[in-house]
Amino acid sequence: QAQLVESGGGLVQPGGSLRLSCEFSGFTLEYYAIAWFRQAPGKEREGVSCMSKSAGNTYYSDSVKGRFTISKDNAENTVYLQMNSLKPEDTAVYYCAMALSGTCRKYSDPLASEYQYWGQGTQVTVSS
């Protein structure tokens, strides 16, 4: 059974930065793609970013492109999401999910069947 645990969320002012972490166990990160999603109150869960298993392909939603950066450390079985220039509209619970396909072909669709394992989520609040 794969396990995913997010951490690093918190309260920051607009323009601030946070780095989220997603630690994996029960499988080898090298063979899977990892996606970040977020869900704000009253909104659908949306794709934020994704990295393929080779780390050669990365994807970002239009709303975060240029501000967020996804990275990973295979040796530590950890994926990171560096979030800079945070805006109030970034406020949401952030989740990481494992893509069994090993690709980011469904990076924007949290209902895709390849996302079978999810973390518990970490709250990010951006407010002045």
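If you check 89, 30, 46, which single one turns out to be in contact with a Phe, Trp or Tyr (Cβ under 7 Å, 6 or more places away or on another chain), open to solvent by 20 Å² or more (accessible area, probe 1.4 Å) and of a type in the set (Asp, Glu)? Walk me through it before giving the result.
On the way: 89 fails: in contact with a Phe, Trp or Tyr (Cβ under 7 Å, 6 or more places away or on another chain); 30 fails: in contact with a Phe, Trp or Tyr (Cβ under 7 Å, 6 or more places away or on another chain).
Among 89, 30, 46, only 46 is in contact with a Phe, Trp or Tyr (Cβ under 7 Å, 6 or more places away or on another chain), open to solvent by 20 Å² or more (accessible area, probe 1.4 Å) and of a type in the set (Asp, Glu).
Scan (1) more than 12 Å from residue 103 (Cα to Cα); (2) among the charged types (D, E, K, R); (3) free of Cβ contacts under 8 Å to residues at least 60 places away in the same chain; (4) buried (at least 18 other Cβ atoms within 10 Å of the Cβ) for the single condition residue 38 breaks and write down its number.
Of the numbered conditions (1) more than 12 Å from residue 103 (Cα to Cα); (2) among the charged types (D, E, K, R); (3) free of Cβ contacts under 8 Å to residues at least 60 places away in the same chain; (4) buried (at least 18 other Cβ atoms within 10 Å of the Cβ), the odd one out for residue 38 is (3).
State whether the residues of the range 70-83 include one that is charged (D, E, K, R), open to solvent by 40 Å² or more (accessible area, probe 1.4 Å) and assigned to a loop (DSSP other than H, G, I, E, B).
Of the residues in the range 70-83, the ones charged (D, E, K, R) are 72-73, 76.
If we keep only those that are open to solvent by 40 Å² or more (accessible area, probe 1.4 Å) too, we end up with 72-73, 76.
Of the ones still in play, those that are also assigned to a loop (DSSP other than H, G, I, E, B) are 76.
Checked against the condition, which is being charged (D, E, K, R), open to solvent by 40 Å² or more (accessible area, probe 1.4 Å) and assigned to a loop (DSSP other than H, G, I, E, B), the range 70-83 yields at least one hit.
Identify, by number, the condition in (1) open to solvent by 60 Å² or more (accessible area, probe 1.4 Å); (2) of a type outside the set (Lys, Arg); (3) touching a Leu at 6+ places or on another chain (Cβ under 8 Å) that residue 3 doesn't meet.
Unmet condition: (3).
Is there any pair with a first residue in the range 1-26 that is touching a residue at least 12 places away in the same chain (Cβ under 8 Å) and a second that is open to solvent by 60 Å² or more (accessible area, probe 1.4 Å) and of a type in the set (Lys, Arg) whose Cβ atoms are under 9 Å apart and which are 6 or more apart or on different chains, and what are they?
Qualifying pairs under 9 Å: 8/19; 14/87; 15/87.
When the residues of the range 6-27 are narrowed to those that are open to solvent by 30 Å² or more (accessible area, probe 1.4 Å) and in contact with a Ser or Thr (Cβ under 7 Å, 6 or more places away or on another chain), which ends up farthest from residue 125 (Cα to Cα)?
23
The values are calculated or read from the model by the stated rules, or taken from the named source; none is laboratory data. All values reported here derive from a predicted model rather than from experimental measurement. When we count neighbours, we look across all protein chains shown, and the Cβ atoms used for this are built from the backbone with ideal geometry, even at glycine. Ligands, DNA and RNA are excluded from the accessible area calculation, which covers all protein heavy atoms including side chains. Shrake-Rupley method; radii C 1.70, N 1.55, O 1.52, S 1.80 Å.
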